[in-house]
Amino acid sequence: MSTPGEVGGTPWMARPMKLTLCLTARCPLDCRACYADCGARPAADELDTATWLRLIDELAANGVINMFVEGGEPLARDDAEAILAHATARMFTTLRTHAVTIDDATAARLAGLGIGRVYVDLMGATAATHDAMVGVPGSLDAALAGIAALRRHGVPVSVLVILCRPNVAELPALARLAAAAGADEFGVLRLYPLGRARRAWSALALALDEQMAALAELAADLPAGLRLMQSWHPNDANCCWQNAAIDPYGHAIGCPYLRDYVDYGDLRTTPWLETWNHPLYRRLRAGAVDGHCRDCASSQLTRGGCRSTAYAFHGRWDAPDPFCVTMNKGTDLRVLPDRPV
Amino acid sequence: MFCPTDRFERAAGVVLRPMPEWGRAYAYTPRRPALTELNTTTWLIATLCDGATLAELEEEFADAVRRVAGDNAARDTLHRGLAMLVEAGIIARTEDAAP
């Protein structure tokens, strides 16, 4: 186990308390910005039900009390509700979904399971934009119906959007749509260089000044009652230094946005807490990053921002996060270097 | 308002996650899904609630904080902390049925 003063966390944590569980890489949609290269058919080597339940027991026994379940589309697994029920009995559990399969009965069951919050991805404020981004006609209407069902059953809902060129002009309208649908939080996420999004980068990515302008316009006219969450450094405190994640195949990956870049161990054979002390994991948590602001760690509990993006653009784990206005230093975010993953 | 004979214990299903390295703890309440951050004071109070009566808690808490608080301040702090923990569903209060 790492100890204070050693490399291994800023601020130091003996064991992580929160974890992202990437339950599956299957999904009924075909999103242009998909980070997990999801498909409609399950991959043969995804973890089975019994292994997920065993891992959740292991996580709970080692202090995880906050679990964010995402995919793929978690609800595309037949055993999703059994796995969620196992988690909610042990830890605060939230769910990320496209919501297209959530009808009234599903919403009632999710409420009954004790899901703490559901995060719904919308990729545009209009059917033309959203449905084109997710590749399935009728998806926006289905997602809005899913949100309405969740709200009828009292489940708190956040709407998430991955900010990219096809939807940037619709950001204020999407915030209004989220508020009208009953969401109390609107999360604007940056585009990450993963999966299909990586391959479609030049068509999707915005320059940093375009992103900042969109965020400023949104913040200036945010609907009443809607809380804004955004993932640009220095507001990405939920990051390498405290996060843990498991991919659909049972590999510890630290953060879902590192899924293409790291493997801290196979949890079918390696104790989960052992992966927390993987040398690279400890190094990324330490926040040893070139060019970060001196007061960043004290105010934001993180130094140097996202390691996934830094590595994708600069090829170094100690490189600055180019999505930070202070550390960007002229990096054109519309041009992703051709680097092997 | 609590009575001296009221008993306090961890509510059913509640998970307490100490974070000693941060000087705080987190409580998960599955019956009303929420994660609540506890400071060192409420964390201590939650730990003392093992079925003890209010009178016993007042004595134990006063002992624990004697170096930094007198009896009256300790009692006020305990009652405020207990009220918050009961309101959040982290601690359950049972009225003593004994005469």
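Of all residues in the range B:7-24, those satisfying the criterion of being more than 11 Å from every other protein chain (Cβ to nearest Cβ) and part of a strand (DSSP E or B) are B:7, B:8, B:9, B:10. Note on the range B:25-57: residues that are of a type outside the set (A, V, I, L, M) and either facing chain A (nearest Cβ under 9 Å) or part of a loop (DSSP other than H, G, I, E, B) (or both) total 9. Within the range A:102-127, the set of residues being more than 16 Å from residue A:172 (Cα to Cα), among the aliphatic types (A, V, I, L, M) and either more than 14 Å from every other protein chain (Cβ to nearest Cβ) or in a helix (DSSP H, G or I) (or both) comprises A:102, A:105, A:107, A:108, A:110, A:111, A:113, A:120. Against the condition more than 9 Å from chain A (Cβ to nearest Cβ) and either touching a Ser or Thr at 6+ places or on another chain (Cβ under 9 Å) or within 12 Å of residue A:90 (Cα to Cα) (or both), how does residue B:2 come out, does it pass? Answer is no for this residue.
Cβ-Cβ contacts under 6 Å between residues 6 or more apart (or on different chains), taken from a first residue in the range B:76-95 that is at positive phi to a second residue that is surrounded by fewer than 17 Cβ atoms within 10 Å (Cβ to Cβ), are listed as B:89/B:32. Considering B:66, B:10, the condition of being touching a Cys at 6+ places or on another chain (Cβ under 9 Å) and either more than 22 Å from residue B:94 (Cα to Cα) or of a type in the set (D, E, K, R) (or both) is satisfied by B:10 alone. Looking at the range A:220-273, which of its residues are among the aromatic types (Phe, Trp, Tyr), under 22 Å from residue A:315 (Cα atoms) and in contact with a strand residue (DSSP E or B) (Cβ under 9 Å, 6 or more places away or on another chain)? Residues satisfying the conditions are A:232, A:257, A:264. Within the range A:58-75, the set of residues being in a loop (DSSP other than H, G, I, E, B) and facing chain B (nearest Cβ under 10 Å) comprises A:63, A:64, A:65. When you look at residue A:36, is it part of a loop (DSSP other than H, G, I, E, B) and either modelled with pLDDT under 95 or of a type outside the set (Gly, Ala, Ser) (or both), yes or no? So residue A:36 passes the test. Is it the case that some residue within the range A:277-298 is crowded, with 17+ Cβ neighbours inside 10 Å, at pLDDT 90 or above, hydroxyl-bearing (Ser, Thr, Tyr) and part of a loop (DSSP other than H, G, I, E, B)? No, the range A:277-298 contains no residue that is crowded, with 17+ Cβ neighbours inside 10 Å, at pLDDT 90 or above, hydroxyl-bearing (Ser, Thr, Tyr) and part of a loop (DSSP other than H, G, I, E, B).
The values are calculated or read from the model by the stated rules, or taken from the named source; none is laboratory data. Remember, it's a predicted structure, so these values are computed and weren't measured experimentally. Cβ sites come from the backbone with ideal geometry, for glycine too, and all protein chains shown count toward neighbours.
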